[in-house]
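The values are calculated or read from the model by the stated rules, or taken from the named source; none is laboratory data. What you are looking at is a predicted structure, and each value in this text was computed from that prediction instead of being measured. Cβ: placed from backbone, ideal geometry, glycine included. Neighbour counts: every protein chain shown.
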Amino acid sequence: MKIWGVGMDGHTGYTTYGETMPTRSPRMGRKIKKSFSISVESDSFIRRSCKERKSNSESETLDALLSELMAVRQQKAIEAAYADYYDSLSEDEVAEESAWGRFAESQLAKEAH
């Protein structure tokens with residue numbers, strides 16, 4: 001028998017035959033239970049990914065896939081911010097940035113020798 005709930009420590013867990021089993025992984029942090037309806041293709045992808053990754057569970061696999069997607073989106077946002085910054089520079093500012101870049105390269109070349 002499983003009973004879901006939040007313990008006094010604030011972590012979600014369940015009890016099976018008198019033993020409390022935390023649903024918290026040290027790497028992933030606090031967990032919550034969710035229920036979703038997904039396509040057959042998505043289910044197949046998660047199962048296949050779980051086997052390829054040798055994950056402990058489909059939930060762990062889905063969490064890892066979502067973490068990877070969040071990292072990709074964050075990287076794209078950073079790249080877009082850099083592009084917006086450099087696109088907003090005037091010609092004089094671009095020339096100044098280029099001059100600083102050349103100076104930095106020349107200093108690095110001196111340190112390498």
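Conditions tested, residue by residue: (1) among the acidic types (Asp, Glu); (2) assigned to a loop (DSSP other than H, G, I, E, B); (3) surrounded by 10 or more Cβ atoms within 10 Å (Cβ to Cβ); (4) within 29 Å of the chain's Cα centre (by Cα).
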site	(1), (2), (3), (4)
69	no, no, yes, yes
79	yes, no, yes, yes
84	yes, no, no, yes
96	yes, no, yes, no
101	no, no, yes, no
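Picking from 65, 89, which residue would you name as being of a type in the set (A, V, I, L, M), touching a helix residue (DSSP H, G or I) at 6+ places or on another chain (Cβ under 8 Å) and under 30 Å from residue 29 (Cβ atoms)?
65
So that you can scan it fast, the table gives a plain yes or no per residue for (1) farther than 19 Å from residue 68 by Cα; (2) surrounded by 10 or more Cβ atoms within 10 Å (Cβ to Cβ); (3) at pLDDT 55 or above; (4) out of contact with any strand residue (DSSP E or B) (no Cβ under 9 Å at 6 or more places or on another chain):
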site: 11; (1), (2), (3), (4): yes, yes, no, no
site: 15; (1), (2), (3), (4): yes, yes, no, no
site: 19; (1), (2), (3), (4): yes, no, no, yes
site: 31; (1), (2), (3), (4): no, yes, yes, no
site: 37; (1), (2), (3), (4): yes, no, yes, yes
site: 40; (1), (2), (3), (4): yes, no, yes, yes
site: 45; (1), (2), (3), (4): no, yes, yes, yes
site: 50; (1), (2), (3), (4): no, yes, yes, yes
site: 55; (1), (2), (3), (4): no, yes, yes, yes
